[in-house]
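Read the figures in this text as sums done on the coordinates, not as results from a lab. Values in this document were obtained by computation on a predicted structure and should not be read as measured data. Here Cβ is always computed from backbone atoms with ideal geometry, including for glycine, and neighbour counts include all displayed protein chains.
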Amino acid sequence: MDSVADIYELHHEELFTFLLRRLRDRGAAADLVQELFVRLAERGGAPGVANRRAYLYRMAANLATDRERQLARRGRFEPVEAAHFGLCDDTPNAEDALLARERLRCVQRAIAAQPPLTQEIVRMVRLEGKSYRRAADILGISESSVQKHLARAVKAAAAALRYGEDSITGPNAPNVLPLRKEN
């Protein structure tokens, strides 16, 4: 059985191309490829799947369909602020806020446990919104390398959320990756 990293190496480029043709949006295609492999990692790969390539394409098509439906809903309906009608309070309750902070810290530690180059790529692409190409140009590496580093970080974060951060970072975890660069 191939690992998720092996499956990624074999199929990520063709899945990106498939999604790019369907969505006509490089950023959305890259995000969906990333989401696909996060979900695959959460499932422990594709054990018992006879035709893995067809399985991955079906996952990609389903994610693209979900995205298209989401965009269609946004376009059809104007958002209505329920708070204007006094129907709800969108402030998270204390428990939800605590859980969200814990999940964020878990992801930050998983990213901080990655090599410095991977951390920098996560910061540039996910936090600063730079494209893969721009990050690659700045760092002097290939766009494919940027994608591989980002996939490694996403896989680590997903595993930390699924199995607990100690399984990824250990007892001597490095400091948490800051959300913003210090000036």
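Label reach from residue 6 (point 7 Å along Cα→C-beta): in the range 14-47, amide nitrogens under 13 Å belong to 45-47.
In this label model, residue 13 and residue 51 are separated by 2.4 nm, measuring between points 7 Å along each Cα→Cβ vector.
Cβ crowding within 10 Å ranks 155, 148 as 148, 155, fewest other Cβ atoms first. Among the trypsin sites (Lys or Arg not before Pro) found in the range 14-57, those both in a DSSP coil and sparsely packed, with 15 or fewer other Cβ atoms within 10 Å of their Cβ, are 24, 43. Counting Lys and Arg as +1 and Asp and Glu as -1 over every other residue whose Cβ lies under 15 Å from the Cβ of residue 117, the net charge comes to +2. Computed about its Cα centre, the charge dipole of the range 96-169 is approximately 100 debye, with only Lys, Arg, Asp and Glu carrying charge at their Cβ.
The GluC sites (Glu not before Pro) of the range 125-166 meeting both criteria, a DSSP state outside H, G, I, E and B (loop) and at most 14 other C-beta atoms within 10 angstrom of the site's C-beta, are 128.
Please rank 141, 7, fewest neighbouring Cβ atoms within 10 Å first, as an exposure proxy.
141, 7
Once the cut-off is 15 Å, how many percent of the Cα-Cα pairs in the range 4-76 end up in the long-distance tail? Everything past 15 Å amounts to 52 percent. If R0 is 22 Å, the Cβ-Cβ spacing of residue 105 and residue 31 corresponds to a FRET efficiency of close to 0.40.
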